[in-house]
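Notes to accompany the following structure.
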Amino acid sequence: MSTASKKEVGKGLNIYEKLAKIGENVKILKKDKSGYGYSYVAEEDILAGIQGDMKKYSVSLIPNIIPGSVQFSPRDTSKLVAPKNGGTPYKQDIYEQVVQGTITYTWVNNENPEDRLEIPWYFIGQQSDASQAYGSALTYASRYFLLRFFNIATTNDPDALRAKQKKDEAKREQEVLNDILTNI
């Protein structure tokens with residue numbers, strides 16, 4: 001595709017139409033990362049799935065942390081630790097920093113920068129180090145904002161989810177066909 005025709009792809013669409021086009025191309029993502037006992041989709045996998053279309057449709061996403069909304073709070077707690085060798089469980093003190101605040105994600109139509117969509121989003125994170133708590137809160141917020149905004153399915157077994165989607169789609173098509181036949 002030539003450079004001229006690439007620029008024509010999203011021409012004349014408003015921000016909602018462009019975001020809908022981007023969302024149409026989003027795929028199911030496999031949870032292939034793990035940490036802290038959870039499996040998840042990495043932020044770079046989510047971005048890889050949408051950045052090409054963001055460029056194609058000339059759309060930008062601008063995060064903006066709301067001034068004065070960020071709060072840091074120390075959190076002292078303890079947890080019961082069971083030793084790996086089967087010894088006696090013991091109590092371990094935990095000192096963490098909790099960071100929370102509000103961020104606004106703004107989708108911008110680059111062809112008409114006044115055409116934008118602002119979405120407020122809450123972030124929270126906790127770690128033993130304040131800067132790590134802040135970084136993890138922002139990463140987590142960004143990852144889940146994109147997943148929820150585009151309704152991206154995440155699973156440990158993408159093939160099983162695709163099979164379920166196809167079965168549900170076939171069921172809906174059969175219902176439409178039955179309605180048509182009933183009306184005839």
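The values are calculated or read from the model by the stated rules, or taken from the named source; none is laboratory data. In this text, all values refer to a predicted model and were calculated from it rather than measured experimentally. No Cβ is skipped: glycine too gets one built from the backbone with ideal geometry, and neighbour counts run over all protein chains shown. Side chains included, ligands, DNA and RNA excluded: accessible areas come from the protein's heavy atoms. Shrake-Rupley method; radii C 1.70, N 1.55, O 1.52, S 1.80 Å.
A few notes on this one:
- In a residue-by-residue description of region 77-93, the property of being under 20 Å from Ile152 (Cβ atoms), exposed (fewer than 15 other Cβ atoms within 10 Å of the Cβ) and not acidic (Asp, Glu) applies to no position.
- Condition broken by Tyr134, with the remaining ones in (1) open to solvent by less than 60 Å² (accessible area, probe 1.4 Å); (2) at pLDDT 90 or above; (3) not polar (S, T, N, Q) satisfied: (1)
- Scanning region 146-184 for residues being touching a Leu at 6+ places or on another chain (Cβ under 9 Å), at pLDDT 75 or above and in a helix (DSSP H, G or I) gives a total of 3.
- Screening Asp76, Asp53 for residues that are of a type outside the set (Lys, Arg) and within 21 Å of Ser128 (Cα to Cα) leaves exactly one candidate, Asp76.
- Selection of strands (runs of 3 or more DSSP E) fully inside region 6-121 by the criterion of at least 3 residues being modelled with pLDDT of 95 or more returns 59-65, 90-109.
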